[in-house]
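A.B. asks: I am attaching a structure below and will ask some questions about it afterwards.
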Amino acid sequence: MNPVPALRFVVRVALQNIVRNRGIAFASLLTVTLTLLGAGAAVGVVFALDKVLQQEESQASVLKVFMADHISFASALNLEHTLASEPSVQTASFENKDQAAAQASSTLGLGGALHILESSGGGNPLPASINLHLKNIAAVTAINNQVSTSDLLFPGPHQTDYNKDVIPRVEHYILAAQLGGAILVAVVGAVALVIITISVRTAAFVRRQEIEIMKLVGATDWFVRWPFILEGMILGVISALLASGVLLGVGVTFGSGGSLALGVGMRLAVLISLGLILGGAVLGSFGSLVGIRRSLAT
Amino acid sequence: MSISASPAPPRPQVAETTRPARHEPPIIVFQNVSKTYPNGAAAIRDISFTIPPRDFVFVVGASGAGKSTIIRLLIREETATKGHVLVEGQDLARLRRRHLPRLRRKMGIVFQDFKLLPNLTVAQNVAFAIQVTDPGRSHLKEKVGEALYIVGLEDKLNTFPTELSGGEQQRVAIARALVHRPRIFLADEPTGNLDPDAGWGIVQLLLQINHRGATVVMATHNREVVDLCRRRVLAMEGGCLIRDEQEGQYLKEGEANL
Ligand SMILES: Nc1ncnc2c1ncn2[C@@H]1O[C@H](COP(=O)(O)OP(=O)(O)OP(=O)(O)O)[C@@H](O)[C@H]1O
Ligand SMILES: [Mg+2]
């Protein structure tokens, strides 16, 4: 079979199907676009939340365990060793009071204030600490519980330095966005699939005479199918382009600097668009396959 | 070799007799075939016959006798409930679906209702059979022209089917069925919608196709045609084969009017 004229035939029939049955084709276009819009938006939101989470995690996975002033260097080292041997701990390092002061003056610009305090006889107010770098954010709570019972710790409310509440909350939002996105895409996607199937079934009904003759003169099943599959693919890809266009428009409108809304970069935007085009093509051709099945049954 | 395209060929002008090749293996075999439709209708009951290459066979019988069912079994639109249908030695029950196109391309098939596409011209209708089976085949125009020449419609290339008479429409359908140069030509009541003259023209054409080497099976109600042609007759009644005669007639003496 010569591919070029075959392709020409397939494309011509597919386009004719869309133009002749434009009502139902438009309905498919609309629902597939909605599905893909939902999917694209969900990906954007999940991405943005994930970035927040990553930031929180990278901060939180560094855990400072502050030491009480009275403890000896030996017991501090002892605690450091105990913590370093925990499987969830990547590295543990001891930071003495002087190092803490140096750190504070260099990164926080508190050198002047500390100097005044020390020279006025108040001494260095900053506690020594063991700085832990954890392998896994999930271990923070466990480690925190373990060390907080120790009497070696710096007294007061801020024995360790991390924000307990933010991470579970962000994780919660991500789960909600993923779940909501998945449900939306599933429901609207199912509707889109049904409408594409009806659309292709309509086109096949309009062409039932042609299909009958094609089978009679010995056309293969795939030759009968291809124009309808292409029809579904075209509808799916046009929908994907529309959805990408809308998402990009919204992204640019609410974006700032080099990135789109929600901090989505161009790279991700292109990836989402490509994903939507692939999704549209798959949705369209799958709906077509289901739609044309009955016409090929005999 | 071409036959007259005039609307009313002189009759009874019976074409030269073609000798069926009885010494060759049969091209069509029905072996104790029964067909019961899913609704329980027993359309064919245990019939057997063989057709040698280049034979010309009329299948006659009253309405509902099972003539069309024989055609449908041959093109494998239906499969036998019992027994075997063989075409060129191939048991159609064992034919895989993906090999069905190969079977159909060996066959030319026409029906009472022509099955032409109304929005295509005569030439496009004929070309369609090639485009959907062998797109890009070279010399498409010549092949279409040749088929239309055989049926005597070479001057109607750009006419639409609705602008043609019934007889001319059936000729277009025959031309379309001829483009694959079929070895087997099946016609289910091809003259059923035509006046006697046009019908006779179609039969002449089928005899011509037979003379060119194709095996022809024609299901028909047309008593006059069968009696004039004196070809092989398979007579059906209530799904049974009641008569198989060389140079037969529509009715046998003493047989009830079908
Ligand atoms: N698709 C079908 N489903 C169920 N029963 C059928 C079907 N096609 C045919 N029949 C039955 O099978 C029997 C034979 O039908 P068939 O069409 O072969 O007859 P026929 O000889 O061609 O008749 P006609 O001269 O009217 O065309 C009839 O009783 C008919 O009702
Ligand atoms: Mg019939």
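The values are calculated or read from the model by the stated rules, or taken from the named source; none is laboratory data. The shown structure was predicted, so the numbers you read here are calculated from the model rather than taken from an experiment. Because the Cβ atoms are built from the backbone with ideal geometry, glycine has one as well, and the counts that use them run over all protein chains shown.
A.B. asks: Looking at A:288, A:244, which one is in a helix (DSSP H, G or I) and closer than 30 Å to residue B:77 by Cα?
C.D. replies: Sole residue among the options that is in a helix (DSSP H, G or I) and closer than 30 Å to residue B:77 by Cα: A:288.
A.B. asks: Same structure, new question: Just to be sure I understand, how many residues within region B:184-209 are modelled with pLDDT of 95 or more and charged (D, E, K, R)?
C.D. replies: Residues that pass the stated criteria total 2.
A.B. asks: Looking only at region B:137-179, which residues are within 14 Å of another protein chain (Cβ to nearest Cβ) and without any contact (Cβ under 8 Å) to a residue 40 or more places away in the chain?
C.D. replies: B:137, B:138, B:139, B:140, B:141, B:143, B:144, B:147
A.B. asks: Select from region A:250-298 the residues that are within 14 Å of chain B (Cβ to nearest Cβ) and among the hydroxyl-bearing types (Ser, Thr, Tyr) and list them in ascending order. Let's see the steps before the verdict.
C.D. replies: Restricting attention to region A:250-298, the residues satisfying the condition of being within 14 Å of chain B (Cβ to nearest Cβ) are A:293, A:296-298.
Scanning region A:250-298 gives a single hit, A:298.
A.B. asks: What's the number of the only condition in (1) more than 24 Å from residue A:282 (Cβ to Cβ); (2) touching a residue at least 24 places away in the same chain (Cβ under 8 Å) that residue A:218 fails to meet?
C.D. replies: All conditions pass for residue A:218, except number (2).
A.B. asks: Does region B:49-67 hold any residues that are of a type in the set (A, V, I, L, M, F, W, C) and either in contact with an Asp or Glu (Cβ under 8 Å, 6 or more places away or on another chain) or within 13 Å of ligand 2 (Cβ to nearest atom) (or both), and which are they?
C.D. replies: Listed by number, the residues that qualify are B:49, B:59, B:60, B:62, B:65.
A.B. asks: Residues in region B:41-53: is at least one in a loop (DSSP other than H, G, I, E, B) and within 12 Å of ligand 1 (Cβ to nearest atom)?
C.D. replies: So in region B:41-53, the residues in a loop (DSSP other than H, G, I, E, B) come out as B:41, B:52-53.
In the following step, the residues that additionally are within 12 Å of ligand 1 (Cβ to nearest atom) were identified as B:41.
Taking every residue of region B:41-53 in turn, at least one turns out to be in a loop (DSSP other than H, G, I, E, B) and within 12 Å of ligand 1 (Cβ to nearest atom).
A.B. asks: Take the residues in region B:27-48 that are under 23 Å from residue B:96 (Cα atoms) and exposed (fewer than 15 other Cβ atoms within 10 Å of the Cβ); name whichever of them is nearest to ligand 2 (Cβ to nearest atom).
C.D. replies: B:37
A.B. asks: For region B:63-97, which residues satisfy the criterion of being more than 7 Å from ligand 1 (Cβ to nearest atom) and over 20 Å from residue B:185 (Cβ atoms)?
C.D. replies: B:79, B:80, B:81, B:82, B:83, B:84, B:91, B:93, B:94, B:96, B:97
A.B. asks: Further, regarding this structure: Restricting attention to helices (runs of 4 or more DSSP H) lying wholly within region A:1-96, give those where 2 or more residues are away from every other protein chain (no Cβ under 14 Å) and over 30 Å from residue B:134 (Cβ atoms).
C.D. replies: A:22-60, A:73-84
A.B. asks: Something else about it: Condition check: under 25 Å from residue B:224 (Cβ atoms), touching a residue at least 24 places away in the same chain (Cβ under 8 Å) and away from ligand 1 (no atom under 12 Å from the Cβ). Does residue B:25 satisfy that?
C.D. replies: So residue B:25 does not fit the description; no.
A.B. asks: Take the residues in region B:91-110 that are farther than 11 Å from residue B:75 by Cβ and touching a residue at least 60 places away in the same chain (Cβ under 8 Å); name whichever of them is surrounded by the fewest Cβ atoms within 10 Å (Cβ to Cβ).
C.D. replies: By that ranking, first place goes to B:105.
A.B. asks: Oh, and also: If residue B:171 meets every condition in (1) more than 22 Å from residue B:55 (Cβ to Cβ); (2) more than 13 Å from the chain's Cα centre (by Cα) apart from one, which number is that one?
C.D. replies: (2)
A.B. asks: Which one of the conditions (1) at the interface with another protein chain (Cβ under 10 Å from one of its Cβ atoms); (2) modelled with pLDDT of 95 or more does residue B:98 fail to meet, given that it meets all the rest?
C.D. replies: (2)
A.B. asks: Let me ask you something else. For region B:180-220, give me each residue that is more than 16 Å from ligand 1 (Cβ to nearest atom) and within 14 Å of chain A (Cβ to nearest Cβ).
C.D. replies: B:180, B:181, B:182, B:183, B:184, B:185
A.B. asks: Let me ask another. Would you pick out the residues in region B:80-95 that are at pLDDT 95 or above and within 14 Å of chain A (Cβ to nearest Cβ)?
C.D. replies: If the condition is that a residue be at pLDDT 95 or above and within 14 Å of chain A (Cβ to nearest Cβ), then B:87 is the only one that fits.
A.B. asks: Sticking with this one: Any idea how many residues of region A:183-214 are free of Cβ contacts under 8 Å to residues at least 60 places away in the same chain and within 14 Å of chain B (Cβ to nearest Cβ)?
C.D. replies: So the count comes out to 5.
A.B. asks: Another one. Condition first: surrounded by 22 or more Cβ atoms within 10 Å (Cβ to Cβ) and either out of contact with any Leu (no Cβ under 7 Å at 6 or more places or on another chain) or at pLDDT below 95 (or both). Now tell me which residues in region B:210-225 satisfy that.
C.D. replies: Result: B:210, B:214, B:215, B:219, B:220, B:222, B:225.
A.B. asks: Sticking with this one: Quick check on region A:204-227. Is at least one of its residues hydrophobic (A, V, I, L, M, F, W, C), within 35 Å of the chain's Cα centre (by Cα) and buried (at least 20 other Cβ atoms within 10 Å of the Cβ)?
C.D. replies: Scanning region A:204-227 turns up at least one residue that is hydrophobic (A, V, I, L, M, F, W, C), within 35 Å of the chain's Cα centre (by Cα) and buried (at least 20 other Cβ atoms within 10 Å of the Cβ).
A.B. asks: Among the listed residues B:161, B:118, which satisfies the condition of being of a type outside the set (Phe, Trp, Tyr) and surrounded by fewer than 18 Cβ atoms within 10 Å (Cβ to Cβ)?
C.D. replies: B:118
A.B. asks: Just checking: which of the strands (runs of 3 or more DSSP E) contained wholly in region B:171-258 hold 2 or more residues that are over 18 Å from residue B:68 (Cβ atoms)?
C.D. replies: Working: elements: B:184-188, B:215-220, B:232-237, B:240-245.
Of the strands (runs of 3 or more DSSP E) lying wholly inside region B:171-258, those with at least 2 residues that are over 18 Å from residue B:68 (Cβ atoms) span B:240-245.
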